[in-house]
Amino acid sequence: DAGVIQSPRHEVTEMGQEVTLRCKPISGHNSLFWYRQTMMRGLELLIYFNNNVPIDDSGMPEDRFSAKMPNASFSTLKIQPSEPRDSAVYFCASSLEYSGGGYEQYFGPGTRLTVT
Amino acid sequence: AQSVTQLDSQVPVFEEAPVELRCNYSSSVSVYLFWYVQYPNQGLQLLLKYLSGSTLVKGINGFEAEFNKSQTSFHLRKPSVHISDTAEYFCAVSEPGGSYIPTFGRGTSLIVHP
């Protein structure tokens, strides 16, 4: 398996522009997570999907952030409009969840977002 | 609610020396425990995990960790580190039967000097 695939790997945009980050989870995994990592705040969970349904989006910073998972093999995280404070590395991770609890997560390589 | 504390933000060590990275957790129920490693400019990857059974868990790259329920700890150890072990290490906990969402610690930066 190719692992979790994220695109783009790097994104530089100007404040006010729309940014869309993409993720393809590992085939067969039924849970998907979006994280944001910064030096100041560490690794923050933004949103979690199970079987394509958003379960917990309490970590989404504000209405400018939205995430979708239209099918089991694709998810997007959108920021509109973007702001300089959104600059961070955004990770997508997937895992296979079943009764008994969560198992380990498999992380993608991340998207480094810079908003100028 | 579960939480994870990694007591050291940075651990410098010389090559071939032993190392221990500390992790303590709080949870009111039984737990699953994980250690992940993040090399520069990469995503996190699993080093090892404790689900049940033997409290001493062996992982990749010569790392091991011991689950201590009474101390609520899951410290990571390696008897002899290499330069290539320089990375960020994250401890994580999740609760079987409860929320599947793991809680991550803030990370410990292991810096191996020649």
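Values in this text are rule-based calculations from the coordinates and carry no lab data. This is a predicted model, so every value here is computed, not measured. Positions of Cβ are backbone-derived with ideal geometry, glycine not excepted, and every protein chain shown enters the neighbour counts.
Name the lysines eligible as straight-distance cross-link partners of A:Lys68: C-alpha to C-alpha under 26 Å, and not fewer than 8 places from it in the same chain.
Here the lysines satisfying the reach criterion relative to A:Lys68 are A:Lys24, A:Lys78.
Highest GNM mean-square fluctuation, chain B, Cα pairs closer than 10 Å: which of B:Ser54, B:Ser70, B:Ser30?
Top of the fluctuation ranking is B:Ser70.
To check you understand DSSP bridge types, tell me what percent of the beta bridges within chain A (both residues inside) are antiparallel, rounded to 5.
Percent antiparallel among DSSP bridges in chain A is about 90.
What's the average, rounded to a whole number, of partner chain beta-carbon atoms within 10 Å of each residue's beta-carbon in A:40-53? Show your work: numbers first, answer last.
Working: counts 0, 1, 7, 10, 1, 4, 0, 0, 3, 0, 2, 0, 0, 0.
That works out to 2 on average.
Just A:Arg85, A:Arg64, A:Arg22 to compare: in a GNM of chain A, with alpha carbon springs under 10 Å, which one fluctuates most?
Looking only at A:Arg85, A:Arg64, A:Arg22, the biggest GNM fluctuation is shown by A:Arg85.
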